[in-house]
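S.K.: First the structure, then my questions, so here it is.
The values are calculated or read from the model by the stated rules, or taken from the named source; none is laboratory data. Just so you know, these numbers come straight off a predicted model, no measurement behind them. Here Cβ is always computed from backbone atoms with ideal geometry, including for glycine, and neighbour counts include all displayed protein chains.
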Ligand SMILES: [Zn+2]
Ligand SMILES: [Zn+2]
């Protein structure tokens with residue numbers, strides 16, 4: 001029986017929606033999520049969780065725990081927003097200056113908290129053993145929070161970790177996100193008057209540019225899954241001063257760590273060569289490094305069964321009209337909302353992009369759910385995602401995700417055999433590395 005879960009979610013729906021809205025209306029970017037973390041902590045505390053802050057030394061991370069005995073089920077909450085994606089929750093482009101939840105992490109955080117509370121409540125009511133732990137994971141959008149937390153051994157005691165992400169489809173994710181290194185290059189040259197005494201100068205900007213030229217030539221000679229992108233974060237001050245300082249920020253990605261590490265090595269060689277050619281000095285700093293996602297088929301299949309039992313989110317005509325209006329704005333074909341469940345395909349799907357959830361997936365068996373919270377086919381990190389994440393349709397998808405995750409968590413607490421199988425699969429996959 002999963003009635004306790006449904007009952008708790010129904011009784012607390014208004015409060016859960018308010019939590020998602022509070023985070024939506026206080027969008028905070030990576031590392032700045034003070035109010036969002038506090039809102040989640042308060043919600044969990046009110047529901048009997050004991051909360052400790054500053055997890056792994058991250059000021060906007062937290063750990064919230066409830067329950068006793070085995071197993072220990074982890075839920076991964078994210079709540080960071082994106083810069084310049086502020087938008088009112090309406091079906092046309094209506095920007096609000098500043099940050100916005102263009103990845104739907106307001107729903108993500110609130111949905112996770114709701115699932116954890118519903119599960120803990122059900123365990124309590126049914127007198128079942130099990131610890132429910134919510135990790136407040138900041139800085140997902142710079143692929144960092146969970147990596148720092150994993151390196152601090154946060155997830156090592158957990159029997160399984162559950163994550164979810166708002167999407168335009170209902171599925172248990174079979175997606176393998178890319179391994180990634182985030183790296184900064186700093187070049188130090190010598191300034192001089194760029195017209196009167198250029199021969200005295202050594203341009204740090206030249207070194208940065210040469211690095212990028214070399215990397216752009218490198219593109220032809222790396223495996224096709226490799227992605228190398230950069231921005232200039234410092235490129236000089238005035239045209240008549242030879243820049244004595246320049247800075248590049250790189251993301252280097254590939255489908256596997258091995259390929260990514262080799263590409264990373266070659267990008268560093270390019271920067272070294274550029275510094276040599278320009279008589280400048282180069283320093284590089286690795287900001288984060290994430291592995292590719294390790295899938296766990298045992299957990300995926302078990303979660304898929306719960307997805308089938310709970311079904312897809314049920315949208316109102318108003319939700320459908322909202323999504324259709326957004327599609328029209330973007331010139332996308334209907335249907336506006338996907339209302340079916342995607343089957344498990346049985347093989348991994350390699351996707352571009354990276355997530356720090358991958359770091360957790362190598363520490364404990366991890367599984368990710370997607371539910372429809374957005375109009376079909378809209379681009380990620382876009383005003384339309386912000387719009388849907390503040391609208392009723394987003395909250396409808398979130399409620400369904402909370403139900404599926406809580407029911408799945410209960411299943412894990414009841415079936416020790418399932419967790420043992422998931423652990424065996426996990427250990428075997430790690431050994432192969
Ligand atoms: Zn994102
Ligand atoms: Zn996201």
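S.K.: Tally time: how many residues in segment 99-128 are under 20 Å from the mean Cα position of the chain (by Cα), more than 20 Å from residue 14 (Cβ to Cβ) and away from ligand 2 (no atom under 16 Å from the Cβ)?
M.R.: Adding up the residues that qualify gives 0.
S.K.: With respect to residue 369, is the statement that it is farther than 23 Å from residue 69 by Cα and at pLDDT 95 or above true? Before you say what the answer is, go through the steps one by one.
M.R.: Values: farther than 23 Å from residue 69 by Cα: yes; at pLDDT 95 or above: yes.
Taking the combined requirement at face value, the residue satisfies it.
S.K.: Now, a different point. Within segment 53-66, is even one residue assigned by TED's automatic domain parsing to the domain that holds residue 323 and farther than 19 Å from residue 146 by Cβ? Break it down into steps so the answer makes sense when it comes.
M.R.: Restricting attention to segment 53-66, the residues satisfying the condition of being assigned by TED's automatic domain parsing to the domain that holds residue 323 are 53-66.
Keeping just the survivors that are farther than 19 Å from residue 146 by Cβ gives 66.
Scanning segment 53-66, I find at least one residue that is assigned by TED's automatic domain parsing to the domain that holds residue 323 and farther than 19 Å from residue 146 by Cβ, so the answer is yes.
S.K.: Of (1) more than 30 Å from residue 407 (Cβ to Cβ); (2) under 24 Å from the mean Cα position of the chain (by Cα); (3) surrounded by 20 or more Cβ atoms within 10 Å (Cβ to Cβ), residue 280 satisfies all except one. Which?
M.R.: Result: residue 280 fails condition (2) only.
S.K.: Here's something else I'd like to know. For segment 92-128, which positions are crowded, with 24+ Cβ neighbours inside 10 Å and within 16 Å of ligand 1 (Cβ to nearest atom)?
M.R.: Within segment 92-128, 100, 101, 102, 104, 105, 106, 107, 108, 109, 111, 112 meet the criteria.
S.K.: Name the residues in segment 275-288 that are in contact (Cβ under 8 Å) with a residue 60 or more places away in the chain and out of contact with any helix residue (DSSP H, G or I) (no Cβ under 7 Å at 6 or more places or on another chain), would you? Talk me through it step by step, then tell me what you get.
M.R.: Looking only at segment 275-288, we keep the residues that are in contact (Cβ under 8 Å) with a residue 60 or more places away in the chain, and these are 275, 277-288.
Listed by number, the residues that qualify are 279, 283, 285, 286, 287.
S.K.: Does residue 167 count as more than 14 Å from ligand 1 (Cβ to nearest atom) and either at pLDDT 95 or above or farther than 25 Å from residue 47 by Cα (or both)? Even if it seems obvious, please write down each step before you answer.
M.R.: Values: more than 14 Å from ligand 1 (Cβ to nearest atom): no; either at pLDDT 95 or above or farther than 25 Å from residue 47 by Cα (or both): yes.
When the stated conditions are applied, residue 167 does not pass them.
S.K.: If you go through segment 219-235, how many residues are outside any strand (DSSP E or B) and closer than 17 Å to residue 274 by Cα?
M.R.: First, the residues of segment 219-235 that are outside any strand (DSSP E or B): 219-226, 235.
Now narrow it down to the ones that are closer than 17 Å to residue 274 by Cα: 219, 235.
So the count comes out to 2.
S.K.: Moving on to the next point. Might you check whether a residue that is under 17 Å from the mean Cα position of the chain (by Cα), under 23 Å from residue 311 (Cα atoms) and within 14 Å of ligand 1 (Cβ to nearest atom) occurs anywhere in segment 386-401?
M.R.: Yes, there is a match, as at least one residue in segment 386-401 is under 17 Å from the mean Cα position of the chain (by Cα), under 23 Å from residue 311 (Cα atoms) and within 14 Å of ligand 1 (Cβ to nearest atom).
S.K.: Among the residues of segment 56-70, how many are crowded, with 20+ Cβ neighbours inside 10 Å and outside any strand (DSSP E or B)?
M.R.: Adding up the residues that qualify gives 3.
S.K.: Regarding residue 133, is this residue away from ligand 1 (no atom under 16 Å from the Cβ) and either without any contact (Cβ under 8 Å) to a residue 40 or more places away in the chain or in contact with a helix residue (DSSP H, G or I) (Cβ under 6 Å, 6 or more places away or on another chain) (or both)?
M.R.: Spelling it out, it is not the case that residue 133 is away from ligand 1 (no atom under 16 Å from the Cβ) and either without any contact (Cβ under 8 Å) to a residue 40 or more places away in the chain or in contact with a helix residue (DSSP H, G or I) (Cβ under 6 Å, 6 or more places away or on another chain) (or both).
S.K.: When you scan segment 328-433 for helices (runs of 4 or more DSSP H) that lie fully inside it, which ones turn up with 3 or more residues that are closer than 30 Å to residue 123 by Cα? Lay out the reasoning, then the answer.
M.R.: Working: elements: 357-361, 383-389, 392-414, 416-432.
By residue number, 357-361, 392-414, 416-432.
S.K.: Same structure, new question: Could you tell me whether any residue of segment 40-51 is surrounded by 22 or more Cβ atoms within 10 Å (Cβ to Cβ), within 16 Å of ligand 1 (Cβ to nearest atom) and outside any loop (DSSP other than H, G, I, E, B)?
M.R.: Here is the first cut: in segment 40-51, the ones surrounded by 22 or more Cβ atoms within 10 Å (Cβ to Cβ) are 40, 43-44, 49.
Then keep just the ones that are within 16 Å of ligand 1 (Cβ to nearest atom); that gives none.
For segment 40-51, residues surrounded by 22 or more Cβ atoms within 10 Å (Cβ to Cβ), within 16 Å of ligand 1 (Cβ to nearest atom) and outside any loop (DSSP other than H, G, I, E, B): absent.
This table checks each residue for (1) within 27 Å of the chain's Cα centre (by Cα); (2) more than 16 Å from ligand 2 (Cβ to nearest atom); (3) surrounded by fewer than 21 Cβ atoms within 10 Å (Cβ to Cβ).
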{"position": "130", "(1), (2), (3)": "yes, yes, no"}
{"position": "155", "(1), (2), (3)": "yes, yes, no"}
{"position": "189", "(1), (2), (3)": "no, yes, no"}
{"position": "208", "(1), (2), (3)": "no, yes, no"}
{"position": "223", "(1), (2), (3)": "yes, yes, yes"}
{"position": "230", "(1), (2), (3)": "yes, yes, yes"}
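S.K.: Right, next: Being within 12 Å of ligand 2 (Cβ to nearest atom) and touching a strand residue (DSSP E or B) at 6+ places or on another chain (Cβ under 8 Å) is the requirement here; does residue 140 meet it? Don't jump to the end; show me each part of the working.
M.R.: Numbers: within 12 Å of ligand 2 (Cβ to nearest atom): yes; touching a strand residue (DSSP E or B) at 6+ places or on another chain (Cβ under 8 Å): yes.
When the stated conditions are applied, residue 140 passes them.
S.K.: Could you pull out the residue among 301, 308, 285 that is modelled with pLDDT of 95 or more, in a helix (DSSP H, G or I), under 27 Å from the mean Cα position of the chain (by Cα) and surrounded by fewer than 14 Cβ atoms within 10 Å (Cβ to Cβ)?
M.R.: Within the list 301, 308, 285, the selection yields 308.
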